[in-house]
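Below is one structure, written out as structure tokens, with a few remarks after it.
The values are calculated or read from the model by the stated rules, or taken from the named source; none is laboratory data. The structure presented is a predicted model; accordingly, all values stated were derived computationally and were not measured. FYI the Cβ positions are ideal-geometry reconstructions off the backbone, even for glycines, and counts take in every protein chain you see.
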Amino acid sequence: MMPHVRPQGYLQGMDLLDFEQLTGRTRSHVRELNELQCTLHPQAAQAFVALRAAAATAGLDLAAASSFRDFGRQLLIWNEKYRGRRPLLDLAGAPLDISEMSAAEIVRAILHWSALPGASRHHWGTEIDVIDRAALGPGQHAQLIPAEYGAEGVFRQLDQWLTEHAAGFGFFRPYDRDRGGVQPEPWHLSFAPVSAAALTALTAEVLAQALTGVDLAGAEAVWPQLAEIHERYVRAVAAPSKLALAAPRLGMKRVSPAARPS
Ligand SMILES: [Zn+2]
């Protein structure tokens, strides 16, 4: 039998995730990085190491608060929120009383903050929620709320630095603003050279396949609107810039004509 050889380098094969990888059913596409305390796709990991080194020159201690998350973990988060075992918050961040809500209302409320299992970008290994450890005082913990990344926030310097530099390393922010689905997440970085292809591959049909036979709380309210949920909570994200897709700071082999010196 021919050995299955994957070409080396960026954008040459490893950027394509299969069904199990896209929907977080396997860890075959990710590596645990002990020194960075996160789990990532190898290409995203390489890019994150480079991003972290560049951030350090600006006095930032870039760290991952969250990275790869598998299907089982996302299912647990979903079911606990649906059953009231984890707080469920409204858009203002206030706790909701689920005893007064319909199944459809609970599903909507969860979707503002958490993805359906199978639909989380964190399944891909390309997504990292980042903080600046250097900005935190002793005993202070990041909450991952937009105000921390705003003009008065503890991570304002990180936010500005990412805006200026992240794209060169292949990263962009898919939840940059409210598009009627997932709430803005200024801390959420995505490695575009791999995640752009993953988003295209994660169709509503793929998501339906991933959820078939799963013990999903609120399933009766999810299935009838799965296509709309996919459109609004999976597809409605920012598109990566050409710069992020080309990731020139990573020294990738393929250089777009626009990026060549004339
Ligand atoms: Zn995230």
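Values for this structure:
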quantity: Residue within region 201-224 that is under 21 Å from Gln46 (Cα atoms) and either of a type outside the set (Gly, Ala, Ser) or modelled with pLDDT of 95 or more (or both) present; calculated: no
quantity: Candidates Arg133, Arg121, Arg173 - the one that is touching a residue at least 60 places away in the same chain (Cβ under 8 Å), more than 22 Å from Val237 (Cβ to Cβ) and not hydrophobic (A, V, I, L, M, F, W, C); calculated: Arg133
quantity: Single match in Arg69, Arg73 (criterion: of a type in the set (Lys, Arg), closer than 21 Å to Gln209 by Cβ and either modelled with pLDDT under 95 or under 13 Å from the mean Cα position of the chain (by Cα) (or both)); calculated: Arg69
quantity: Filtered residues of region 19-57 (kept if outside any helix (DSSP H, G or I), surrounded by fewer than 16 Cβ atoms within 10 Å (Cβ to Cβ) and modelled with pLDDT of 95 or more); calculated: Arg27, Ser28, Arg31, Glu32
quantity: Single residue of region 123-144 satisfying the filter (assigned to a helix (DSSP H, G or I) and within 16 Å of the ligand (Cβ to nearest atom)) that is surrounded by the fewest Cβ atoms within 10 Å (Cβ to Cβ); calculated: Trp124
quantity: Test: residue in region 192-202 that is under 16 Å from the mean Cα position of the chain (by Cα), within 15 Å of the ligand (Cβ to nearest atom), more than 30 Å from Arg83 (Cα to Cα) and among the polar types (S, T, N, Q); calculated: yes
quantity: From the options Ala103, Ala147, Ala119, residue that is of a type in the set (Gly, Ala, Ser) and either touching a Leu at 6+ places or on another chain (Cβ under 7 Å) or within 13 Å of the ligand (Cβ to nearest atom) (or both); calculated: Ala119
quantity: Set Asn79, Asn34: member being free of Cβ contacts under 8 Å to residues at least 12 places away in the same chain and over 22 Å from Ile145 (Cβ atoms); calculated: Asn34
quantity: Filtered residue count, region 237-251, keeping only those that are basic (Lys, Arg) and either surrounded by 14 or more Cβ atoms within 10 Å (Cβ to Cβ) or at positive phi (or both); calculated: 1
